[in-house]
Amino acid sequence: MSKSEYSQSEERSQTISLFTSIWGFGLSNTNKLFKMGMRSVTDLQNNMHLLSVNQKIGLKYFDDSQKRIPYDETTEIYNVINKYLHEVMPEDIIESIVCGSYRRQQPDSGIIDILITRKDDGKVEGILESLLEKLKNIGLIRETLTFSKNFKCKNQFNGICKLKESLPFRRLDIKVINTKTYKHKYLNKLG
């Protein structure tokens with residue numbers, strides 16, 4: 001490989017790494033953008049007309065998403081979510097846990113991952129929707145990136161939250177599942 005080819009390969013690799021770190025950007029569309037001459041976040045911002053709705057949202061929160069979330073802030077966000085969760089469903093039927101770096105007691109994390117589990121084998125239908133409505137009403141949830149539901153076993157939300165105006169926007173993922181089997185599977189996957 002010539003020096004020129006190596007340099008171009010390195011530039012492509014760095015650009016793809018940067019773009020795929022932004023919510024909504026996958027490998028396929030990142031390659032297309034690279035071929036169009038885009039190399040930086042500024043290039044993307046100057047070509048918003050080429051981006052999907054999710055990519056625009058990802059770009060909007062990109063700077064904040066690069067900041068680590070302190071353990072104490074995650075605790076505060078979790079406490080707010082848990083308070084409203086127990087307004088939706090009693091504590092003896094439902095439980096929640098923060099996964100990932102927080103669960104491993106790391107000083108910070110990149111995303112807040114919350115797993116909500118029914119203690120019985122009941123349906124999860126409506127739990128997440130009711131919780132999200134409450135969290136939006138108090139201003140914690142600021143943006144929905146994705147929401148998917150499977151009434152029998154799992155509902156999932158990916159979004160953006162903000163605890164206080166003085167703090168950055170944070171990525172928040174919430175999964176609601178109904179069986180202990182699924183709980184162990186997700187805890188293993190999410191840490």
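The values are calculated or read from the model by the stated rules, or taken from the named source; none is laboratory data. This structure is a prediction, so every number in the text was calculated from the model and none was measured. Note: ideal-geometry Cβ built from the backbone for every residue, glycine included; neighbour counts use all protein chains shown.
A few notes on this one:
- Condition broken by VAL98, with the remaining ones in (1) under 17 Å from the mean Cα position of the chain (by Cα); (2) modelled with pLDDT of 95 or more satisfied: (2)
- The selection criterion, being closer than 30 Å to GLY122 by Cβ and buried (at least 18 other Cβ atoms within 10 Å of the Cβ), holds for ILE94.
- Test result for ARG103, surrounded by fewer than 18 Cβ atoms within 10 Å (Cβ to Cβ), touching a Gly at 6+ places or on another chain (Cβ under 9 Å) and at pLDDT 95 or above: no
- HIS49 vs. criteria at negative phi, in the same structural domain as ASN137 (by TED's automatic domain parsing) and free of Cβ contacts under 8 Å to residues at least 24 places away in the same chain: no
Per-residue answers, yes or no, for (1) surrounded by fewer than 11 Cβ atoms within 10 Å (Cβ to Cβ); (2) at pLDDT below 90; (3) in a helix (DSSP H, G or I):
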{"residue": "GLN8", "(1), (2), (3)": "no, yes, yes"}
{"residue": "GLU11", "(1), (2), (3)": "no, yes, yes"}
{"residue": "ILE16", "(1), (2), (3)": "no, no, yes"}
{"residue": "PHE19", "(1), (2), (3)": "no, no, yes"}
{"residue": "ASN31", "(1), (2), (3)": "no, no, yes"}
{"residue": "PHE34", "(1), (2), (3)": "no, no, yes"}
{"residue": "ARG39", "(1), (2), (3)": "no, no, no"}
{"residue": "THR42", "(1), (2), (3)": "yes, no, yes"}
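- Subset of region 150-164 (residues that are surrounded by fewer than 17 Cβ atoms within 10 Å (Cβ to Cβ) and modelled with pLDDT under 95): ASN150, PHE151, LYS152, CYS153, GLN156
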